[in-house]
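Have a look at the structure below, then the notes.
The values are calculated or read from the model by the stated rules, or taken from the named source; none is laboratory data. All figures in this text were calculated on a predicted structure; none of them were measured in a lab. Here the Cβ positions follow ideal geometry from the backbone for every residue, glycine too, while neighbour counts run over all protein chains shown. Ligands, DNA and RNA are excluded from the accessible area calculation, which covers all protein heavy atoms including side chains. Shrake-Rupley method; radii C 1.70, N 1.55, O 1.52, S 1.80 Å.
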2 protein chains.
Amino acid sequence: MKILVVEDDRFHASFLQDVIGEALPEVSETLHVQDGLQGEAAARAGRFDAVVMDLQMARRNGIETARTIWHERPRTRILFWSNYSDEAYLRGVAEIVPTDCVYGYVLKTATRERLKLVLRAVLLDGQVMVDREMQRLRRRTASPRHVLNDSEYAVLLDLALGLQDRLIAERRGMSLRTVQNRLLTLYDKLGVSDEEPAVPGLNKRVRALSRAITTRILNVEVLETAQRDLEGWLGEQGR
Amino acid sequence: MKILVVEDDRFHASFLQDVIGEALPEVSETLHVQDGLQGEAAARAGRFDAVVMDLQMARRNGIETARTIWHERPRTRILFWSNYSDEAYLRGVAEIVPTDCVYGYVLKTATRERLKLVLRAVLLDGQVMVDREMQRLRRRTASPRHVLNDSEYAVLLDLALGLQDRLIAERRGMSLRTVQNRLLTLYDKLGVSDEEPAVPGLNKRVRALSRAITTRILNVEVLETAQRDLEGWLGEQGR
DNA sequence: ACAAATGGTGCGGGCTCCCGCAGTTTGGGT
DNA sequence: ACCCAAACTGCGGGAGCCCGCACCATTTGT
């Protein structure tokens, strides 16, 4: 079994390799690279069974790297190992997972024992695992009233990229009014509507983005990949 | 000499303490705590000469922690030790540094030698030092045409929080039209105006925030502290 | 099987936003 | 004291945004 480690923090990387050696004696070879681009290249060259990868890296983030890796070798099992329990990452990952692909999501704050367990479960047994901390997110946001569904999330992404209503409608194949309805429920779920009466003079559109970011529903990496998707779409439209 | 270390990553913390012991033999005592709140409490209780602190921490971020520490003991020398070279952090720090206070900013990617050097320079000699990586930021953004000045940055923060023009004008003591002029130059400097002709149908306001975040001029932590400041201001206005 | 709930669509009005035009104030430089 | 440039301000208009009202289609519950 060959494992690829993609991690730009030297301490975390050596810790990870240490734990891998301990948890997975069946590993014959591990390669460690420093960022997403190198990760893609390595995955293309050597045929790895599994990848353990940080999400926030300098040159190319984990989500995009995973996307290209899976694109080329869908059978690769990928374990994401991240500092943050941002909902954005989970959604971002879920969005790009091809059907029947094996992946996992562990936080770096997890104990050594937990990490070993997850390594075996995901990379060896092929189970899909998400850290319990992340599960709690869904509930922590209180009532399901506040949880965004997929189409609302899509509109939120477009809003975040700065598209105006007409363009969102065009991109998502909805009518203008429908987009605006989505936005209404978004404002509601993000708590923008609630604070409005108390503080008149807020720009709901910007406020929604602002809150989405501070509540970790969106983050920089996800915004960046969404931006690239948008550019791709614009390219198609252009001609 | 007593040093307080505020860092929530165990590996980084132990590395840091190791380097401190090596670089600063004159240190008589070091205390290590895990997050900003504990940091504030510790700084209040024990009288530390210097603090080394991470910027992104779970319960209370480094900027706010530094603000309260300096508020209570302005002579404290603080070295920020961060993963990211976000312009937002530098601006956020610069904003809260009281006059004649000693601080420094090093990236975690710095070499051991460099870290030792900075530790001595800032905590011992009382020099103000900023990692060269950060300096490069200013230039990297190319022409000075694209560098925001303080008042533009202030307006950008307000925009990011979702205030509409009228409120920004009120808060910053400007006329409505002046705020709008600021926004114009902001759109310009953030490159929003440039992409507009190619892609009609963008909401400049949101687009500006989006770009400010992806270019690291703003980030989550800064947004959060700005939000608290806003709430404080709203409180004053309210009565 | 009927009612209620959910999601999509059109119309229209009041508001904010973006920005061109034009006039005033401020700050440096000579 | 002069000038020029930069920053600030008011006015007005076209466009986008927020959202109430009204209507239709599909799904869900009892």
Of everything in the stretch B:212-239, what is more than 9 Å from chain A (Cβ to nearest Cβ), of a type in the set (S, T, N, Q) and closer than 17 Å to B:L186 by Cα? Give them in sequence order. B:T215
In the stretch A:188-208, how many are more than 18 Å from B:L157 (Cα to Cα), within 10 Å of DNA strand D (Cβ to nearest atom) and in a helix (DSSP H, G or I)? 2
Is it fair to say B:G173 is away from DNA strand D (no atom under 14 Å from the Cβ) and out of contact with any strand residue (DSSP E or B) (no Cβ under 9 Å at 6 or more places or on another chain)? no
Per the filter on the stretch A:209-238, residues within 16 Å of DNA strand D (Cβ to nearest atom) and closer than 15 Å to B:L157 by Cα are A:L209, A:S210, A:R211
Report those helices (runs of 4 or more DSSP H) wholly inside the stretch B:87-177 carrying at least 1 residues which are away from chain A (no Cβ under 14 Å) and either open to solvent by less than 40 Å² (accessible area, probe 1.4 Å) or within 16 Å of DNA strand C (Cβ to nearest atom) (or both). B:87-96, B:112-119, B:132-140, B:150-161
Residues satisfying the stated conditions in the stretch A:189-202, i.e. over 25 Å from A:E95 (Cα atoms) and either within 7 Å of chain B (Cβ to nearest Cβ) or open to solvent by 30 Å² or more (accessible area, probe 1.4 Å) (or both): A:S193, A:D194, A:E195, A:E196, A:P197, A:A198, A:V199, A:P200, A:G201, A:L202
Please tell me if B:R182 is within 16 Å of DNA strand D (Cβ to nearest atom), not assigned by TED's automatic domain parsing to the domain that holds B:I96 and not hydroxyl-bearing (S, T, Y). yes
Criterion: of a type outside the set (D, E, K, R), part of a helix (DSSP H, G or I) and open to solvent by 50 Å² or more (accessible area, probe 1.4 Å) - qualifying residue of A:T185, A:T225: A:T185
Taking the criterion of being open to solvent by less than 10 Å² (accessible area, probe 1.4 Å) and in a helix (DSSP H, G or I), would at least one residue in the stretch B:68-79 satisfy it? yes
Would you be able to tell me the number of residues in the stretch B:1-46 that are without any contact (Cβ under 8 Å) to a residue 12 or more places away in the chain, away from chain A (no Cβ under 14 Å) and either part of a helix (DSSP H, G or I) or closer than 17 Å to B:R77 by Cβ (or both)? 3
Among the residues of the stretch A:102-134, which ones are in contact with a Ser or Thr (Cβ under 8 Å, 6 or more places away or on another chain) and not aromatic (F, W, Y)? A:V106, A:L107, A:K108, A:D131, A:E133, A:M134
Hits in the stretch A:204-222 (condition: farther than 19 Å from A:V147 by Cα and either more than 13 Å from DNA strand C (Cβ to nearest atom) or modelled with pLDDT under 95 (or both)): A:V220, A:E221
Of all residues in the stretch A:178-202, which are closer than 18 Å to A:A226 by Cβ and within 14 Å of DNA strand C (Cβ to nearest atom)? A:V179, A:R182, A:L183, A:L186
Check B:A58 against each of (1) modelled with pLDDT under 90; (2) assigned to a helix (DSSP H, G or I) and name the one condition it does not meet. (2)
Against the condition over 14 Å from A:V220 (Cα atoms), out of contact with any Pro (no Cβ under 8 Å at 6 or more places or on another chain) and facing chain A (nearest Cβ under 9 Å), how does B:R205 come out, does it pass? yes
